[in-house]
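The values are calculated or read from the model by the stated rules, or taken from the named source; none is laboratory data. All values derive from a computational prediction rather than experimental measurement. Methodologically, a virtual Cβ is constructed for each residue, glycine included, from the backbone with ideal geometry; neighbour enumeration extends over all protein chains shown. These accessible areas exclude ligands, DNA and RNA; they are computed on the full protein's heavy atoms, side chains included. Shrake-Rupley method; radii C 1.70, N 1.55, O 1.52, S 1.80 Å.
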Amino acid sequence: MKYAFMAIAAFLFISCSKDDVTPAKDYSVENEAEIKAYVAANSLNATRTDSGLYYVVNKPGTGKQPIATSNVTITYKEYYTDKTIIGQSSDEGFSINLQGLIQGFIEGIPFFKEGGEGILIIPASLAYGDSANGNIPAGSVLVFEIKLIAVEYSATNDATIVKYLADNNLTATKTASGLYYIITDQGTGVNPTATSNVTVSYKGYYTNKTVFDQSASATFGLSQVIKGWTEGIPYFKAGGSGILLIPATLGYGSADYNGIPAGSVLIFDIKLISVN
């Protein structure tokens with residue numbers, strides 16, 4: 001895939017060391033002059049960071065903001081300052097942990113929120129340094145047009161949930177955290193709190209209807225389960241039933257868990273048997 005070189009090259013750049021008797025060439029002065037000329041020639045309103053990265057926020061976005069260790073979904077087009085295109089992603093983008101990318105991305109992507117768009121102008125010191133990488137010459141300044149589609153799968157998970165609801169003619173309530181819930185039977189008992197001990201029956205499945213877990217009766221403390229349950233179960237009273245549609249941020253996040261793939265939307269048919 002076109003984007004694979006970024007993760008591989010970033011690993012090589014971080015991992016490889018130079019022979020002590022051959023000092024690395026410093027491209028910082030010429031890179032800085034090249035970037036300033038590019039910014040001026042293209043009338044860009046760019047901000048320079050202390051590291052030498054330049055970034056342009058064309059659209060800040062309104063969703064979740066990543067940190068340097070976040071899993072993100074992005075699209076990009078990469079080129080040199082002479083506008084020669086090096087590569088680009090598909091329109092759907094690709095998902096990766098920022099730690100797998102060059103330093104310019106690790107620093108630059110967190111300036112945007114989900115839905116944000118802009119430009120990163122990256123000097124060699126934050127990319128591949130004084131080493132060539134494939135067809136990219138040593139010391140190259142790299143320009144990226146980027147769009148941040150999702151952070152920790154939240155935007156893509158939300159789109160998946162919305163589609164699932166539409167496809168199945170369901171109406172759900174969305175909370176501020178991104179949880180969706182449907183109450184089919186409110187119940188007549190007491191509502192639990194986020195620290196209550198409860199007994200429930202449940203069936204857990206993906207949006208393709210594949211069941212990954214179920215139980216006729218399970219008892220646990222709501223402070224000991226995934227966030228989607230901690231938040232969602234208290235919407236029901238004892239005897240109530242319904243559905244929780246849980247994004248990865250409230251489930252198992254960006255890591256595989258007992259056969260559940262990273263970033264998965266989880267759906268649970270729930271019946272709250274009792275609040276203990």
Legend entry - Contour excess over end-to-end distance, with Cα ends at residue 99 and residue 174 and 0.36 nm allotted per residue: 23.9 nm
Legend entry - Dipole-positive endmost among 164, 122, 132 within the stretch 121-174 (Cβ charges, Cα centre): 164
Inset, instruction - Would you tally the net charge around residue 64, using a Cβ to Cβ cut-off of less than 11 Å, leaving residue 64 out, and scoring K and R as +1, D and E as -1? - result: -2
Legend entry - Hull shadow area, averaged, the chain [alpha-carbon convex hull, nm²]: 17.6
Legend entry - Proximal charge balance of residue 122 [Cβ under 10 Å; K/R count +1, D/E count -1]: -2
Inset, instruction - Report, in cubic angstrom per residue, the convex hull volume of the C-alpha atoms of the stretch 27-172. - result: 116
Inset, instruction - Evaluate E = 1/(1 + (r/R0)^6) for residue 45 and residue 69, where r is the Cβ-Cβ distance and R0 equals 30 Å; express this FRET efficiency to the nearest 0.05. - result: 0.55
Legend entry - Computed [θ] at 222 nm, helices only, for the chain once each DSSP H run of length n ≥ 4 contributes -39500 (n - 2.57): -5500 deg cm²/dmol
Legend entry - Pairwise label distance in nanometres, residue 24 with residue 225, each label 7 Å out on the Cα-Cβ vector: 5.0
Inset, instruction - Starting from the Cα-Cα distance between residue 91 and residue 138, subtract it from 0.36 nm times their residue separation and give me the gain in nm to one decimal. - result: 14.0 nm
Inset, instruction - With a 1.4 Å probe and every protein chain left in place, work out the accessible area per residue of the chain in Å², rounded to a whole number. - result: 49
Inset, instruction - Name the residue, out of 94, 112, 220, whose mean-square fluctuation peaks in a Gaussian network model built on the chain with Cα pairs under 10 Å. - result: 220
Legend entry - the stretch 144-276 - Debye-derived log10 I(q)/I(0), Cα point model, q = 0.14 Å⁻¹: -0.60
Inset, instruction - Please check which bits of the stretch 120-137 a label hung off residue 58 would reach, taking the label as a point 7 Å along Cα-to-C-beta and the cut-off as backbone N under 16 Å. - result: 120-122
Inset, instruction - Would you grab the residues whose amide H sits under 5 Å from the one on residue 142? Only those 5+ places off in sequence or on another chain, please, with H modelled 1.01 Å from N. - result: 122
Inset, instruction - Return the FRET efficiency for the residue pair residue 210, residue 82: r is the Cβ-Cβ distance, R0 is 41 Å, and the value is rounded to the nearest 0.05. - result: 0.25
Legend entry - Total charge dipole magnitude, the chain, about the Cα centre, Cβ charges on Lys, Arg, Asp, Glu only, Debye to nearest 20: 860
Inset, instruction - Could you size up the charge dipole of the stretch 155-276 around its Cα centre, putting +1 on the beta carbon of Lys and Arg and -1 on that of Asp and Glu, and report it in debye to the nearest 20? - result: 120
Legend entry - Estimated inter-spin distance, residue 184 and residue 199, nm [label 7 Å along Cα→Cβ]: 2.1
Legend entry - the chain: angle of helix 28-41 to the longest principal axis, Cα-based, in degrees nearest 10: 80
Inset, instruction - Please list the non-local residues whose amide H lies under 5 Å from the amide H of residue 273, H modeled 1.01 Å from N, same-chain partners needing a gap of 5 or more. - result: 199, 200, 201, 239
Legend entry - Heavy-atom accessible surface of the stretch 123-276: percent carbon and sulfur, 1.4 Å: 49
Legend entry - Summed side-chain charge close to residue 189 - residues other than residue 189 whose Cβ falls under 13 Å, Lys, Arg +1, Asp, Glu -1: +1
